[in-house]
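J.: Structure provided below as structure tokens; questions to follow.
The values are calculated or read from the model by the stated rules, or taken from the named source; none is laboratory data. Predicted, not measured: the structure shown is a model, and the values here were computed from it. No Cβ is skipped: glycine too gets one built from the backbone with ideal geometry, and neighbour counts run over all protein chains shown.
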Amino acid sequence: QSVLTQTPSVSAAPGQKVTISCSGSSSNIGNNYVSWYQQFPGTAPKLLIYENNKRPSGIPDRFSGSKSGTSATLDITGLQTGDEADYYCGTWDSSLSAGVFGGGTKLTVL
Amino acid sequence: EVQLLESGGGLEQPGGSLRLSCAASGFSFSNYGMSWVRQAPGKGLEWVSDISGRGGVTYYADSVKGRFTISRDNSKNTLYLQMNSLRAEDTAVYYCARDRYSSSWPQGSWFDSWGQGTLVTVSS
């Protein structure tokens, strides 16, 4: 059972937009920055979003993040088949004094 | 270019020990906190442990506290994870990752570079 809650799977057609949500509490998302990671099967995770809504260099602006209260979202617009992957949110939990991740969301581009 | 290369994984019996290493290059190693994150087969990411740049501050997940020890040798640009009293549920790919932050560590940090991972299997 993950501290952060993500919908296990989402799907959408190419070209469409999808929103992946991440729900937490005041001890984690509510008071700390959220980051998002993309992972393809058999490979290491890759940073997509940091500090809630910032993109590292090289990440397309089709990927955007936001945070409101104790929830965060990752939006992906103009979906491509190459976006099919697992997506994880992460943050620090100040009560646990530990890093925490969501359980992951598998994105299928139909 | 930042590179992180894990090693030391393998098959170990329950109750046994392993030491993982992560060789870092391409950046000033001692200036960065470092973390271990694991992923059990077919499961999601699980944060394991974190260490400050100078090694004086460490954090652990409850699932490994008292059994695992994170450390670093800044003269060798290497991160370690000593894993004792291994259990079947420790079976996973273990990734080392570099911490970045702009405001406070570790509360405001994220993982901007990851190694390729090393597989640890605990089984009799």
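J.: Tell me which residues, restricted to the stretch A:1-33, are assigned to a loop (DSSP other than H, G, I, E, B), within 21 Å of B:Ala92 (Cβ to Cβ) and modelled with pLDDT of 95 or more. Walk me through how you get there before you give the answer.
T.: Just the residues of the stretch A:1-33 that are assigned to a loop (DSSP other than H, G, I, E, B), to begin with: A:1-3, A:7-8, A:13-17, A:24-33.
Retained after the next criterion (residues that are within 21 Å of B:Ala92 (Cβ to Cβ)): A:1-3, A:8.
Across the stretch A:1-33, the qualifying residue is only A:Pro8.
J.: Say we look at the stretch B:87-124 and pick out the residues that are among the aliphatic types (A, V, I, L, M) and surrounded by fewer than 17 Cβ atoms within 10 Å (Cβ to Cβ); which of these is nearest to the other protein chains (Cβ to nearest Cβ)? If you could, list the steps in order and put the result at the bottom.
T.: Taking the stretch B:87-124 first, the residues among the aliphatic types (A, V, I, L, M) are B:88, B:92-93, B:97, B:119-120, B:122.
Right, trim to surrounded by fewer than 17 Cβ atoms within 10 Å (Cβ to Cβ) and you get B:88, B:119.
Details: B:Ala88: 19, B:Leu119: 11 Å.
Taking the candidates together, the pick is B:Leu119.
J.: Looking at the stretch A:82-96, which of its residues are within 18 Å of A:Ser26 (Cα to Cα), part of a strand (DSSP E or B) and either at pLDDT below 95 or of a type outside the set (S, T, N, Q) (or both)? Before you say what the answer is, go through the steps one by one.
T.: First, pick out the residues of the stretch A:82-96 that are within 18 Å of A:Ser26 (Cα to Cα): A:89-96.
Of the ones still in play, those that are also part of a strand (DSSP E or B) are A:89-93.
The answer is A:Cys89, A:Gly90, A:Trp92, A:Asp93.
J.: Could I ask something else about it? Taking the stretch A:97-110 as the search range and keeping residues that are more than 7 Å from every other protein chain (Cβ to nearest Cβ) and at pLDDT 95 or above, which one is farthest from A:Ile76 (Cα to Cα)? Even if it seems obvious, please write down each step before you answer.
T.: Here is the first cut: in the stretch A:97-110, the ones more than 7 Å from every other protein chain (Cβ to nearest Cβ) are A:102, A:105-110.
From what's left, at pLDDT 95 or above: A:102, A:105-109.
Details: A:Gly102: 18, A:Thr105: 13, A:Lys106: 13, A:Leu107: 10, A:Thr108: 12, A:Val109: 11 Å.
Going through the qualifying residues, I end up with A:Gly102.
J.: Kindly provide the set of residues from the stretch A:78-96 that are within 14 Å of another protein chain (Cβ to nearest Cβ) and among the small types (Gly, Ala, Ser), ordered by number. Write out each step before concluding.
T.: Restricting attention to the stretch A:78-96, the residues satisfying the condition of being within 14 Å of another protein chain (Cβ to nearest Cβ) are A:85-96.
Result: A:Ala85, A:Gly90, A:Ser94, A:Ser95.
J.: Report every pair of residues separated by at least 6 positions or lying on different chains whose Cβ atoms are under 7 Å apart, first residue within the stretch B:56-71 and assigned to a loop (DSSP other than H, G, I, E, B), second small (Gly, Ala, Ser) and surrounded by fewer than 20 Cβ atoms within 10 Å (Cβ to Cβ).
T.: Note: pairs meeting the criteria are B:Arg67/B:Ser85.
J.: Is it the case, given these coordinates, that A:Leu79 is modelled with pLDDT of 95 or more, assigned to a loop (DSSP other than H, G, I, E, B) and either surrounded by 20 or more Cβ atoms within 10 Å (Cβ to Cβ) or acidic (Asp, Glu) (or both)?
T.: Judged against the criteria, A:Leu79 is a match.
J.: Which members of the stretch B:1-13 meet the condition of being of a type outside the set (A, V, I, L, M) and surrounded by 13 or more Cβ atoms within 10 Å (Cβ to Cβ)? Write out each step before concluding.
T.: Taking the stretch B:1-13 as the starting set, the residues that turn out to be of a type outside the set (A, V, I, L, M) are B:1, B:3, B:6-10, B:12-13.
Residues satisfying the conditions are B:Glu6, B:Ser7, B:Gly8, B:Gly9, B:Glu12.
J.: Let me ask another. Got at least one residue in the stretch A:62-73 being assigned to a loop (DSSP other than H, G, I, E, B), over 22 Å from A:Ala98 (Cβ atoms) and either without any contact (Cβ under 8 Å) to a residue 12 or more places away in the chain or not aliphatic (A, V, I, L, M) (or both)?
T.: Here is the first cut: in the stretch A:62-73, the ones assigned to a loop (DSSP other than H, G, I, E, B) are A:62, A:69-70.
Add one more test, that the residue is over 22 Å from A:Ala98 (Cβ atoms), and what stays is A:62.
Filter again for either without any contact (Cβ under 8 Å) to a residue 12 or more places away in the chain or not aliphatic (A, V, I, L, M) (or both), leaving A:62.
Within the stretch A:62-73 (the criterion being assigned to a loop (DSSP other than H, G, I, E, B), over 22 Å from A:Ala98 (Cβ atoms) and either without any contact (Cβ under 8 Å) to a residue 12 or more places away in the chain or not aliphatic (A, V, I, L, M) (or both)), the answer is yes, since at least one residue qualifies.
J.: Continuing with this model, one more query. Within the stretch A:34-44, identify whether any single residue is crowded, with 17+ Cβ neighbours inside 10 Å, under 11 Å from the mean Cα position of the chain (by Cα) and not in a strand (DSSP E or B), and answer yes or no.
T.: Quick first cut of the stretch A:34-44, residues crowded, with 17+ Cβ neighbours inside 10 Å only: A:34-39, A:44.
Right, trim to under 11 Å from the mean Cα position of the chain (by Cα) and you get A:34-39.
In the following step, the residues that additionally are not in a strand (DSSP E or B) were identified as A:34.
Scanning the stretch A:34-44 turns up at least one residue that is crowded, with 17+ Cβ neighbours inside 10 Å, under 11 Å from the mean Cα position of the chain (by Cα) and not in a strand (DSSP E or B).
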